[in-house]
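For reference, the structure is listed below as structure tokens.
The values are calculated or read from the model by the stated rules, or taken from the named source; none is laboratory data. The model shown is predicted, which means the values in this text are computed figures rather than measured ones. Every residue, glycine among them, receives a Cβ derived from its backbone with ideal geometry; neighbour counts consider all protein chains shown. Ligands, DNA and RNA are stripped out before the accessible areas are found, and what is left, the full protein with its side chains, is counted by its heavy atoms. Shrake-Rupley method; radii C 1.70, N 1.55, O 1.52, S 1.80 Å.
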Protein chains: 2
Amino acid sequence: MFSTDTAQVLKEQVATQAQAAKIAARELARKTSEEKNAALELMAASLVASKHEILQANAQDVSRVSATGAAKSFIDRLTLTPARIQSIADGVRAVMALPDPIGVTQERWQLRNGVLVERRSVPLGVIAMIYEARPNVTVDAATLALKTSNAVVLRGSADALESNRAIVVALREGLRASEVPAEAIQLIESVEHESVEYLIRMRDAIDLVIPRGGARLIQAVVESSVVPVIETGVGNCHVYVDVDAQPEMATKIVINAKTQRPSVCNAAETLLVHTDVAPQWLPQALKALQERGVEIRGCARTCQLVPDIESASEQDWGTEYLELIMAVKIVDDVQEAIEHIARYGTRHTESIITENEETAALFLEQVDAAVVYHNASTRLTDGFVFGFGAEIGISTQKMHARGPMGLQALTSYKYVGHGSGQVIE
Amino acid sequence: MFSTDTAQVLKEQVATQAQAAKIAARELARKTSEEKNAALELMAASLVASKHEILQANAQDVSRVSATGAAKSFIDRLTLTPARIQSIADGVRAVMALPDPIGVTQERWQLRNGVLVERRSVPLGVIAMIYEARPNVTVDAATLALKTSNAVVLRGSADALESNRAIVVALREGLRASEVPAEAIQLIESVEHESVEYLIRMRDAIDLVIPRGGARLIQAVVESSVVPVIETGVGNCHVYVDVDAQPEMATKIVINAKTQRPSVCNAAETLLVHTDVAPQWLPQALKALQERGVEIRGCARTCQLVPDIESASEQDWGTEYLELIMAVKIVDDVQEAIEHIARYGTRHTESIITENEETAALFLEQVDAAVVYHNASTRLTDGFVFGFGAEIGISTQKMHARGPMGLQALTSYKYVGHGSGQVIE
């Protein structure tokens, strides 16, 4: 039962935290790179020093969630160990070592009237992060926000509440010894979904919302947010094996894209195969996938070619399985592959395997996705692999930031004009 | 009376036009710079050739709107003349002459695994433009969209409906002789506000919404849109005259910022004056403003200093007058000016007048706005003055594009990875 009174109290609490973050953001915007890095080091040290409390809190989450019969993989992602905490702290120090993206003059030019204009990078202000179980996201988000001089309002899931609480206590304890206000990190502890709804309507305090998690969470935030959102993560990714593909390379890439880590957004979900290579290549490729535990769902032509596989339904083409299932479709040519991707893809990552440069160029040009590859696995789409040194998520929208988002994605810019009395005539 | 049936018909019609734009956008994305420029030239020529029809349609709008007793300035902005049509056509040709911002490799680097990654500029897809009376916006939006390989769905106001219709007929007639599909320009002719509501919820067809007009229109779109929005234009801009200001320069800039064109978003609304220069400078500055027809609304200290002016209320500090009214406040120092702007400003354009470089640096650093000036008029914030060669609006948000938006603001990018079989180990 969620009464009007409770709702009002919750709304005010979320507003209070958002406003505190806004005030902290203004203060944070004035800190130097050195002050921010010192704060990050203190955060990392405090995480390690609070290892005991964090592990204890995490054990509570794990035992509660285990009792509900959650999947082993889910519990694994939720579980912290001393080694994982150390590795999370190392991650904070890795971000610390990156160049400061704030206060950089990106461009500078003189107007015809003599005014010298600079385009200078600035923080966004307050970032709200709405995410599901993994507690390391709490540290990642706080770290990347602080490095870019942004305050952050964290809203994790109920499953990781105790872990998130203990982590934020540790992070803020670190900040208390620094020049950065501890209020720059806010954790919304309410697990009522209303707390999300309030947060994403606070346009005067929140500058950006980043949802990270399942398709349903992302969809709900995108639908209701009044604050600008960066949509992340849903990846119905395809690998297209062309008539001119090198067969061993094709098999290696398809296996990697599907099985190396099936639960992530850049894993492949559908295999598209040129009709002329299907008879020779497809049966052995599907056998190799099946040997690695992959369930195949084929189009009519695939089922004809390879017996004993399940038929794909219309729904399969649009599904992000996130597990060891792969839809397979034989197409007449690259154009049909491009059309299939345009219809069912989620604009995340798409790959073509071919030795034909012309076919590759057509695919790379015409497929509309954040990342398109020629002869590489979809799994490469990642901020660390891309050399950004950090990743706050992978954007599947076209505004502001697209694809793997590093520190740059958490910045804006302002124009600074130096004049000597110029006016408009 | 707006029945459910009518609503359904309207919704389907808007959806049909949005889908047609989406299909046209895919085709348009494949056109070369030469094909796009040829199309722009044909659009410009067709506008001039259709001068008679456009003027006739515009005369209907003007007579209908005049009958409602609209303000003279409003009717003036609505009215087209042969010279204005020529100048609008010249504007199309000016955009044509700009470099093509699409297909540009912005960055290129090699991953540690050997994959060569390019960041390549791409169109956004379909842009919905929701705007008020000025019919030249119809041409501007269509031109900038086409130059950036985007399709556009235009939703103008009832006041300019006949003019917009005639203009779009002319533009599409031009496109019919070109390689660019005429469906790339769509005009929503319904003036029901529901047509806007449907449009801003069509996330599968529309990639970006740009509202251009009054604060109420912008607010309504921002509140309800599910499609990403770029917020434009509300400008409660300030000029701060510091203790170290050069007095003649201060007067010249304040007069320019307030009176050169008071109806636009980059005109100044509030004057902030350092208490130590107020006695000598303020009386004569306000006199100069009053001589130019400006009504002054002063804070208590200002009213004490200058007799016979109206008192400013709390509401005045937050008002974008867009007319010859100026609020005036005496402040103790630059810090109070910065705080006042943080509280009441709309993050558009703010200016400090001072000969003190340190004070200027503090203001430029700490004021959060799209554009901050030292010793220049707020009126300079403009895509043409900035040398962008075009302007689709002035963004007052921090995501994607900030400040004057030229062609670049209508682009996104994709990463293109060239591999030789790379996978994630």
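What accessible surface, in Å², does a 1.4 Å probe find on A:Ile392, ignoring ligands, DNA and RNA and rounding to the nearest 10?
Per-residue accessible area (A:Ile392): approximately 10 Å².
For segment B:371-383, what does the Karplus curve 6.51 cos²θ - 1.76 cosθ + 1.60, with θ = phi - 60°, yield as ³J(HN,Hα) per residue in whole Hz, taken in order and with x for Gly and Pro?
In residue order, the calculated couplings are 9, 10, 10, 10, 6, 8, 7, 4, 5, 6, 6, 6, x Hz.
Stretch A:Thr4-A:Glu358 to full length: gain in nm at 0.36 nm per residue minus the Cα-Cα span?
Numbers: separation 354, 0.36 × 354 = 127.44 nm, distance 6.30 nm.
Extra length from A:Thr4 to A:Glu358 when fully extended: 121.1 nm.
Please give the net charge around B:Ala342, taking every other residue with its beta carbon less than 15 angstrom from that of B:Ala342, where Lys and Arg add +1 and Asp and Glu add -1.
Working: positive: A:Lys22, A:Arg26, A:Arg30, A:Lys414, B:Lys329, B:Arg343, B:Arg347, B:Lys398; negative: A:Glu27, A:Asp204, A:Asp207, B:Asp333, B:Glu336, B:Glu339, B:Glu350, B:Glu365, B:Asp368.
Neighbourhood net charge equals -1.
Extent of segment B:102-142 along each principal axis, from alpha carbon coordinates, in Å, largest to smallest?
Largest first, segment B:102-142 extends 55, 14, 10 Å along its Cα principal axes.
Inside 10 Å of the C-beta atoms of A:260-266, what's the mean count of C-beta atoms belonging to other chains? Write out the running numbers ahead of the final one.
Details: counts 3, 1, 0, 0, 0, 0, 1.
So the per-residue partner count for this stretch is 1.
Cα gyration tensor of segment A:100-243, axes a ≥ b ≥ c as square roots of the eigenvalues: rounded (a/c below 1.5), prolate (a/b > b/c) or oblate? Don't jump to the answer; show the numbers that get you there.
Numbers: a/c = 1.84, a/b = 1.22, b/c = 1.51.
It comes out oblate by the Cα gyration axes.
Distance check, please: which entries in A:Lys147/A:Lys414; B:Lys258/B:Lys398; A:Lys258/A:Lys287; B:Lys22/B:Lys147; A:Lys22/B:Lys398; B:Lys31/B:Lys51 exceed 22 angstrom between their Cα atoms? Please report the intermediate quantities before stating the final value.
Details: A:Lys147/A:Lys414 18 Å; B:Lys258/B:Lys398 26 Å; A:Lys258/A:Lys287 13 Å; B:Lys22/B:Lys147 16 Å; A:Lys22/B:Lys398 15 Å; B:Lys31/B:Lys51 28 Å.
The answer is B:Lys258/B:Lys398; B:Lys31/B:Lys51.
Which whole-percent values make up P(r) of the protein assembly as shown when all C-alpha to C-alpha distances are grouped in 10 Å steps starting at zero?
Going from the shortest bin to the longest, the percentages are 2, 12, 20, 23, 21, 14, 6, 2, 0, 0.
Output the residues of segment B:372-406 meeting this criterion: accessible area (heavy atoms, 1.4 Å probe) in the chain alone minus accessible area with all protein chains in place is 40 Å² or greater.
Listed in order, they are B:Val372, B:His374, B:Leu380, B:Val385, B:Phe386, B:Lys398, B:Met399, B:His400, B:Arg402.
What distance in nm separates the simple spin-label points at B:Arg216 and A:Ala158, each placed 7 Å from Cα in the Cβ direction?
Each label point is offset 7 Å from its Cα along the Cβ direction, giving 4.3 nm.
From the backbone phi of segment A:196-202, what are the Karplus-calculated ³J(HN,Hα) couplings (6.51 cos²θ - 1.76 cosθ + 1.60, θ = phi - 60°) in whole Hz, Gly and Pro given as x?
Here the 3J(HN,Hα) series is 5, 4, 5, 4, 7, 10, 8 Hz.
Quick one: accessible surface of B:Glu355, probe radius 1.4 Å, all protein chains present, in square angstrom to the nearest 10.
In the full protein context, B:Glu355 sits at about 100 Å².
Count, for each residue of B:115-123, the Cβ atoms from other chains sitting within 10 Å of its Cβ, then give me the mean as a whole number. Write out the running numbers ahead of the final one.
Values: counts 8, 1, 8, 1, 3, 3, 0, 4, 2.
That average works out to 3.
How far is it, in nm, from the label point at B:Gln110 to the one at B:Val169 when both lie 7 Å from their Cα along the line to the Cβ?
Using points 7 Å along Cα→Cβ, the separation is 6.0 nm.
Nearest 0.05, what FRET efficiency do A:Glu27 and B:Ser263 give at R0 = 51 Å with Cβ-Cβ as r? Could you put the intermediate results ahead of the total?
Details: r = 37 Å, r/R0 = 0.73.
My answer for the efficiency is 0.85.
Using a 1.4 Å probe and counting only protein heavy atoms, arrange A:Leu289, B:Leu217 so the residue with the most accessible area comes first.
Working: A:Leu289 0, B:Leu217 35 Å².
Greatest to least solvent exposure: B:Leu217, A:Leu289.
Taking amide hydrogens as modeled 1.01 Å from N in the peptide plane, which residues meet the under 5 Å criterion relative to B:Arg212, leaving out close sequence neighbours?
Placed amide hydrogens put B:Ile130, B:Tyr131, B:Glu132 under 5 Å from B:Arg212.
Using alpha carbons only, what's the Rg to Rh ratio of segment B:175-308 with Rh from Kirkwood? Spell out each step's value before the answer.
Numbers: Rg = 22.5 Å, Rh = 18.7 Å.
Dividing the radius of gyration by the Kirkwood radius yields 1.21.
Give the accessible surface of chain B per residue, rounded to a whole number of Å², with probe radius 1.4 Å and ligands, DNA and RNA excluded. Display every interim value, and only then the final one.
Details: 16570 Å² over 425 residues.
In whole numbers, chain B has 39 Å² accessible per residue.
List residues of segment A:176-196, by number, whose backbone nitrogen lies under 18 Å from a label position 7 Å along Cα→C-beta of A:Asp100.
Under 18 Å, as judged by backbone N against the label point of A:Asp100, lie A:178-182, A:184 of segment A:176-196.
With angles folded into 0 to 90 degrees, how steeply does helix B:357-366 sit against the dominant principal axis of chain B? Use alpha carbons for both and round to 10.
Tilt relative to chain B: about 50 degrees.
How big is D, in µm² s⁻¹, for segment A:147-215 by Stokes-Einstein at 10 °C and 1.306 mPa s if Rh is the Kirkwood radius over C-alpha pairs? All intermediate terms of the calculation are to be shown ahead of the outcome.
Values: Rh = 13.3 Å.
Rounded, D is 119 µm²/s.
Check which residues have an amide H placed less than 5 Å from A:Ala268's amide H, if you skip close sequence neighbours.
Under 5 Å from the amide H of A:Ala268: A:Lys258.
So what is the calculated 222 nm ellipticity per residue for chain B, using -39500 (n - 2.57) for each DSSP H run with n of 4 or more, over all residues, to the nearest 500 deg cm²/dmol?
On the way: 15 runs with 184 residues, N = 425.
It lands at -13500 deg cm²/dmol.
May I have the extent of the alpha carbons of segment B:1-147 along their three principal axes, as whole Å values ordered from largest to smallest?
Result, largest extent first: 70, 45, 26 Å.
Give a residue-ordered list of calculated ³J(HN,Hα) values for segment A:132-137 (Karplus: 6.51 cos²θ - 1.76 cosθ + 1.60, θ = phi - 60°; whole Hz; x for Gly, Pro).
9, 2, 4, x, 5, 4
Label-to-label distances across copies for A:Pro99, with labels 7 Å out along Cα→Cβ, in nm, shortest first?
Copy-to-copy label distances at A:Pro99, shortest first: 2.1 nm.
I'd like the accessible area for A:Arg176: 1.4 Å probe, protein heavy atoms, all chains in place, Å² to the nearest 10.
150
To the nearest hundred square angstrom, how large is the accessible surface buried between A and B, total for both chains, probe 1.4 angstrom? It would help to have the intermediate numbers written out before the result.
Values: alone 19510 and 19510 Å², together 33130 Å².
The A and B chains share an interface burying roughly 5900 Å².
Please list, in chain and number order, the residues 5+ apart from A:Ile325 or on another chain whose amide H is under 5 Å from its amide H, with Hs placed from the backbone.
Residues meeting the criterion, in which the H sits 1.01 Å from N, are A:Glu295.
I need two numbers for chain B: Rg to one decimal and Dmax as a whole number, Cα atoms only, in Å.
24.1, 80
Mind checking the angle between helix A:334-344 and chain A's longest principal axis? C-alpha axes, 0 to 90 degrees, to the nearest 10.
Relative to chain A, helix A:334-344 is tipped by roughly 50 degrees.
Relative contact order, percent, of segment A:237-384 when contacts are C-alpha pairs under 8 Å separated by at least 6 residues?
Computed value for segment A:237-384: 34 percent relative contact order.
So how long is each side of segment A:237-384 along the principal axes, counting just the alpha-carbon atoms, biggest first, in Å?
Rounded to whole Å, the extents work out to 36, 31, 28 Å.
Ordered shortest first, which distances in nm separate the 7 Å Cα→C-beta label point of A:Gln8 from those of the other copies?
So the label point of A:Gln8 gives 4.2 nm to the other copies.
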